[in-house]
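Visitor: First the structure, which I've put down as structure tokens, then a few questions once you've had a look.
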Amino acid sequence: MLDLKHFQEAKKRVDEVIIPTPLIYSEAFSKECKNQVYIKPENLQRTGAFKIRGAYNKIMKMDDESKSKGLIASSAGNHAQGVAYAASKLGVKATIVMPKHTPLIKVEATEAHGAEVVLAGEVYDEAYQKACDLQKEHGYTFVHPFNDEDVIEGQGTIALEILDELPEADIILVPIGGGGLISGIACAAKQIKPTIKIIGVCRGCTACRSTREWCRSGRQSGSAPQGRLPWRRPAARAG
């Protein structure tokens, strides 16, 4: 497991490029949930998402040889812009493979940060495979969007900021895609405050469906939890 010091060191690195995103108290969510709910507005980052944190931390930790090979990544948007922006700031060549039907605005935003965009595949998995093929062909250094400890370190810096600003928080709600964000936040937050609860939120993703089906199959001890998740106050939502 990554130590807290790793996240603290990552925080120093990402502070060079991120925009501070202080928590915003949400009257609407607080009233609806009968709790104190805060939002971490990572959409205000230069690249429009938290992904810049993991990408920048990853590239900053690379040795010169890895950077000199050039970078390769696959993404449908947010990771693409994070890698492109970080690479540009650090003077590293980056190639991003995106699905053919990626919205033009995302393609242009990635190119605007200096990356070369290759459109391949109908869906993300096909774009990812193309990126792997290009890595083997050209010897690029791969920057994975979530399955990488350096990327997870960068994303986990969000937990440090939340608990520094709101130490009394006892729940953090985290959106789940590939799992890099929640891995980093959970790992860092639990080391700062072991009693804190981390709840992942995913809309119709395979991981959540699989977990739900597993729980319903009766292969675990006891029955699956019923009803609403218990809310406590205050809660912070990262996203």
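Visitor: Which residue is modelled with the highest pLDDT, if the candidates are limited to segment 2-42 and must be farther than 30 Å from residue 60 by Cβ and acidic (Asp, Glu)?
Guide: Once the filter is applied, the top-ranked residue is 27.
Visitor: Please specify each residue of segment 97-150 satisfying the condition of being part of a strand (DSSP E or B) and either over 16 Å from residue 81 (Cα atoms) or of a type in the set (Gly, Ala, Ser) (or both). Spell out how you get there, then give the answer.
Guide: So the first thing to find is which residues in segment 97-150 are part of a strand (DSSP E or B), and the list is 97-98, 116-119, 141-142.
Of everything in segment 97-150, just one residue is part of a strand (DSSP E or B) and either over 16 Å from residue 81 (Cα atoms) or of a type in the set (Gly, Ala, Ser) (or both), namely 141.
Visitor: Scan segment 33-42 and give yes if some residue there is in contact (Cβ under 8 Å) with a residue 40 or more places away in the chain, touching a strand residue (DSSP E or B) at 6+ places or on another chain (Cβ under 9 Å) and closer than 21 Å to residue 118 by Cα, otherwise no.
Guide: no
Visitor: Considering every residue within segment 85-92, establish whether at least one is at pLDDT 95 or above, out of contact with any Phe, Trp or Tyr (no Cβ under 9 Å at 6 or more places or on another chain), within 20 Å of residue 61 (Cα to Cα) and surrounded by fewer than 18 Cβ atoms within 10 Å (Cβ to Cβ).
Guide: Within segment 85-92, one or more residues are at pLDDT 95 or above, out of contact with any Phe, Trp or Tyr (no Cβ under 9 Å at 6 or more places or on another chain), within 20 Å of residue 61 (Cα to Cα) and surrounded by fewer than 18 Cβ atoms within 10 Å (Cβ to Cβ).
Visitor: Kindly check whether there is at least one residue in segment 173-188 that is buried (at least 20 other Cβ atoms within 10 Å of the Cβ), assigned to a loop (DSSP other than H, G, I, E, B), in contact (Cβ under 8 Å) with a residue 12 or more places away in the chain and of a type in the set (A, V, I, L, M, F, W, C).
Guide: No, there is no match, as no residue in segment 173-188 is buried (at least 20 other Cβ atoms within 10 Å of the Cβ), assigned to a loop (DSSP other than H, G, I, E, B), in contact (Cβ under 8 Å) with a residue 12 or more places away in the chain and of a type in the set (A, V, I, L, M, F, W, C).
Visitor: With a cut-off of at least 3 residues that are exposed (fewer than 13 other Cβ atoms within 10 Å of the Cβ), name the helices (runs of 4 or more DSSP H) lying wholly within segment 1-61.
Guide: Counting at least 3 such residues, we get 27-33.
The values are calculated or read from the model by the stated rules, or taken from the named source; none is laboratory data. Remember, it's a predicted structure, so these values are computed and weren't measured experimentally. Don't worry about glycine lacking a Cβ; one is built from the backbone with ideal geometry, like all the others, and counts go over all protein chains shown.
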